[in-house]
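**Student:** Here it is, the structure, as structure tokens.
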Amino acid sequence: MHYKVRDDGMSPSFAGLDEVKFENTLEAALEYHRRGFQVTPLAGKQPTLEGWPKRELAEDELPRHFFEGRNVGIVLGGDTGLVDVDLDNPLATEVAEHILPDTLKSGREKNPCSHYWYLIDPTPTSRSYSLPGPMAKRLGVDHGDATLAELRSTGRQTMVAPSRHPDDGDEYRWHRGVIRVIDGEELERLVEDVAVATLLALNWPLRGARQTFALHAAGYLGRHVEHGRVEAILQAAAAVAEDEEIDKRSQAVRDTLAKLEKLDK
């Protein structure tokens, strides 16, 4: 499935999704299909059709697959692709506000704006960033929140309104916004930055050692990542960790990066 955009970079297929009120999943599937989305039926979160990533249902096939109890998934990817940045961890959704470019968002009532939608060229591969089990346990992170950020692309699908979460019946919904067209490699870097900043925020000291922590993080990242990204990562982490001396941390980070630049010359 290829999601094409107009020359002005906008796509009418996504317009006003937050204002559409779906009576049931069949009505939703028909609306998405007419807008140019490739939809797939879900039992809970799982696709029910064999070969679903490449199976494009015709409009007259939809009533056989979308009925009471089914959810609706939008298939992702393609040469000019639709991708979704999935942010299950609550801190990651806060970090994303500082790092990811504004775009069309969706989510569910208990975790709004946890999906950032983009149109991409070239289409990146799917990628997921998760906490190792022992670290998640040490930090007190629930199993469902251990995945910090996930770039979902070709071969993946995302559940959308009016679907309901299989665990608690929480309803999915769209939020007002305009989908953004972005370079695939740039988005890959930004999603990685969200994951790194979330990891730092989860480990940010509550008191005392915050300056040392920021300096060590800047020193390590500055040897592996472009310095502009390092500043953005640490600023986002400090903000989400509610560090009251963000300006002091930011200056220390800049000083550390400047020293690293001198050493490289």
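The values are calculated or read from the model by the stated rules, or taken from the named source; none is laboratory data. Quantities reported herein were computed from a predicted structural model and do not represent experimental measurements. In this analysis, Cβ positions are derived from the backbone assuming ideal geometry, glycine residues included, and neighbour counts consider all displayed protein chains. With ligands, DNA and RNA removed, areas are computed over all heavy atoms of the protein, side chains included. Shrake-Rupley method; radii C 1.70, N 1.55, O 1.52, S 1.80 Å.
**Student:** Calculate the dipole size of the range 101-157 relative to its Cα centre from +1 charges on Lys and Arg beta carbons and -1 charges on Asp and Glu beta carbons; express the result in debye to the nearest 20. Each step should come with its number before you reach the end.
**Tutor:** On the way: 8 positive and 6 negative charges, 36 e Å.
Dipole magnitude for the range 101-157 comes out near 180 debye.
**Student:** Another question, then. Using helices alone, I'd like the mean residue ellipticity at 222 nm for the chain: each DSSP H run of four-plus residues gives -39500 (n - 2.57), total over residue count, nearest 500.
**Tutor:** Working: 8 runs with 97 residues, N = 265.
After summing the helix terms and dividing by the residues of the chain, the value is -11500 deg cm²/dmol.
**Student:** Applying a 10 Å radius around every beta-carbon, put 158-164, 139-145, 193-199 in order of their mean neighbour count, most first. Mind dumping the intermediate values first?
**Tutor:** On the way: 158-164: 21.0, 139-145: 12.9, 193-199: 26.3.
Ranking the peptides 158-164, 139-145, 193-199 by packing returns 193-199, 158-164, 139-145.
**Student:** Ok, one more. So what is the relative contact order for the range 87-190, in percent, with contacts set as C-alpha pairs under 8 Å and at least six apart?
**Tutor:** On the way: 166 pairs, mean separation 39.8, N = 104.
The normalised contact order for the range 87-190 reaches 38 percent.
**Student:** Just the ratio, please: alpha-carbon radius of gyration of the range 1-158 over 2.2 N^0.38 Å, N its number of residues. Walk me through the intermediate numbers first.
**Tutor:** On the way: Rg = 16.4 Å, N = 158, 2.2 N^0.38 = 15.1 Å.
That works out to 1.09 for the range 1-158.
**Student:** What shape does the range 63-113 take by its C-alpha gyration tensor, where a ≥ b ≥ c are the square roots of the eigenvalues and a/c under 1.5 counts as rounded, a/b above b/c as prolate, and the rest as oblate? Before the final figure, lay out the partial values.
**Tutor:** Working: a/c = 3.38, a/b = 1.50, b/c = 2.24.
In terms of gyration-tensor shape, oblate.
**Student:** Another question, then. Per residue, how many Å² of accessible area does the range 186-250 show with a 1.4 Å probe? Numbers along the way, then the final one.
**Tutor:** Numbers: 3220 Å² over 65 residues.
Ligands and nucleic acids excluded, the figure is 49 Å² per residue.
**Student:** Report the dimensions of the range 18-57 along its three principal axes from the alpha-carbon atoms, largest first, rounded to Å.
**Tutor:** 31, 22, 15 Å, listed from the longest principal axis down.
**Student:** Only four residue types carry charge here, +1 at the Cβ of Lys and Arg and -1 at the Cβ of Asp and Glu. Report the dipole size of the range 13-165 about the Cα centre in Debye, rounded to the nearest 20.
**Tutor:** Numbers: 17 positive and 23 negative charges, 97 e Å.
Dipole of the range 13-165, to the nearest 20 debye: 460 debye.
**Student:** Over the chain, what is the mean sequence separation of C-alpha contacts under 8 Å (at least six apart), divided by residue count, expressed as relative contact order in percent? If you can, show how the numbers build up before the last one.
**Tutor:** On the way: 485 pairs, mean separation 53.3, N = 265.
Reported as a whole number, the value is 20 percent.
**Student:** Report, to the nearest whole %, how much of the accessible area of the chain belongs to carbon and sulfur atoms, 1.4 Å probe, protein only. Present the calculation step by step, with values, prior to reporting the outcome.
**Tutor:** Working: 6400 of 13530 Å².
That fraction is 47 percent.
**Student:** Looking at the square roots a ≥ b ≥ c of the eigenvalues of the Cα gyration tensor of the range 119-231, which shape do they give, rounded for a/c under 1.5, prolate if a/b is larger than b/c, or oblate?
**Tutor:** On the way: a/c = 2.26, a/b = 1.34, b/c = 1.69.
It comes out oblate by the Cα gyration axes.
**Student:** Let me ask something else about it. With all distinct Cα pairs included, what does the Kirkwood hydrodynamic radius of the range 201-265 come out to in Å, to one decimal, could you say?
**Tutor:** When all Cα pairs of the range 201-265 are included, the Kirkwood radius is 11.7 Å.
**Student:** Can I ask one more? For the range 88-121 and the range 170-247, what is the separation of their Cα centres, given in Å?
**Tutor:** 14 Å
**Student:** Moving to a separate point now. Under a point-charge model restricted to the Cβ atoms of Lys and Arg (+1) and Asp and Glu (-1), what is the dipole moment magnitude of the range 49-121 relative to its Cα centre, in debye to the nearest 20? Mind showing how you got there, number by number?
**Tutor:** Values: 7 positive and 15 negative charges, 41 e Å.
Dipole about the Cα centre, nearest 20: 200 debye.
**Student:** Rounded, prolate or oblate: pick one for the range 153-213, where a ≥ b ≥ c are the square roots of the eigenvalues of its C-alpha gyration tensor, a/c under 1.5 means rounded, and failing that, prolate if a/b is larger than b/c, else oblate.
**Tutor:** Numbers: a/c = 2.69, a/b = 1.54, b/c = 1.75.
Taking the square roots of the gyration eigenvalues as a ≥ b ≥ c, the range 153-213 is oblate.
**Student:** I'm checking a number: the convex hull volume of the Cα atoms of the chain, normalised per residue, in Å³. What is it? Before the final figure, lay out each step's value.
**Tutor:** Numbers: hull volume 38.4 nm³, N = 265.
Dividing the Cα hull volume of the chain by its residues yields 145 Å³.
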